[in-house]
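Chemist: Structure below; questions to follow.
The values are calculated or read from the model by the stated rules, or taken from the named source; none is laboratory data. What you see is a predicted model, and the numbers here were worked out from it, not measured in a lab. Don't worry about glycine lacking a Cβ; one is built from the backbone with ideal geometry, like all the others, and counts go over all protein chains shown. Heads up: the accessible areas ignore ligands, DNA and RNA and are worked out on the full protein's heavy atoms, side chains in. Shrake-Rupley method; radii C 1.70, N 1.55, O 1.52, S 1.80 Å.
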Amino acid sequence: QVQLVESGGGLVQAGGSLRLSCAASGGAFSSYYMGWFRQFPGKEREFVAAINWGGGSTYYADSVTGRFAISRDNAKNTVYLQMNRLKPEDTAVYYCAADHNFRGSSSRYDYWGQGTQVTVSS
């Protein structure tokens, strides 16, 4: 069973950048399909980005396409979310998720981190 720990959240001004990291332990990281989701207060988690096992295929929500980039380093057991040109509406708790199977934008991942807060000020 894999454990996931996110880091890198914080407060940033609109137009700025942040890079989130998600460190995995306890499992064969390269066998997991990884995703990033976010949750606004009072809302369901929504898909942000996903990456396949080898990192060769990536998927994005329309709202972040062209601004966010997901990547992974299997040697470091870590997945990243580079967030550029941040907007106040990107303010949310960001979660990483892992699953052995392709889940795409579905939230049906088996494993989740505890989340990291991202706040974008206007």
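Chemist: Identify the single condition in (1) in contact (Cβ under 8 Å) with a residue 12 or more places away in the chain; (2) exposed (fewer than 14 other Cβ atoms within 10 Å of the Cβ) that ALA75 does not satisfy, given that it satisfies every other one.
Modeler: (1)
Chemist: Then there is this: Only one of LEU81, LEU4, LEU11, LEU20 is of a type outside the set (Phe, Trp, Tyr), touching a Cys at 6+ places or on another chain (Cβ under 6 Å) and modelled with pLDDT of 95 or more; which?
Modeler: LEU4
Chemist: Among the residues of the range 106-116, is any farther than 15 Å from LEU4 by Cβ and at pLDDT below 95?
Modeler: Residues of the range 106-116 that are farther than 15 Å from LEU4 by Cβ, as a first pass: 106, 108.
Restricting the remaining residues to those that are at pLDDT below 95 gives 106, 108.
Within the range 106-116, one or more residues are farther than 15 Å from LEU4 by Cβ and at pLDDT below 95.
Chemist: Pick from the range 34-66 the residues that are open to solvent by less than 20 Å² (accessible area, probe 1.4 Å) and of a type outside the set (Val, Ile, Thr): which of them is farthest from the chain's Cα centre (by Cα)?
Modeler: Residue satisfying both the conditions and the ranking: ALA61.
Chemist: While we're looking at this one, here's another question. So which pairs qualify, if the first residue must be in the range 13-24 and touching a residue at least 40 places away in the same chain (Cβ under 8 Å), the second must be loosely packed, with under 13 Cβ neighbours inside 10 Å and of a type outside the set (Val, Ile, Thr), the Cβ gap must be under 6 Å, and the two must be at least 6 apart or on different chains?
Modeler: GLN13/SER121; ALA14/PRO88; ALA14/SER122
Chemist: Of all residues in the range 25-67, which are more than 20 Å from LYS87 (Cβ to Cβ), of a type in the set (A, V, I, L, M) and touching a residue at least 40 places away in the same chain (Cβ under 8 Å)?
Modeler: The answer is MET34, ALA50.
Chemist: Another question, if that's okay. What tally of residues in the range 78-122 results from selecting those that are open to solvent by 50 Å² or more (accessible area, probe 1.4 Å), out of contact with any helix residue (DSSP H, G or I) (no Cβ under 6 Å at 6 or more places or on another chain) and of a type in the set (Gly, Ala, Ser)?
Modeler: Summing the residues that are open to solvent by 50 Å² or more (accessible area, probe 1.4 Å), out of contact with any helix residue (DSSP H, G or I) (no Cβ under 6 Å at 6 or more places or on another chain) and of a type in the set (Gly, Ala, Ser) in the range 78-122 gives 2.
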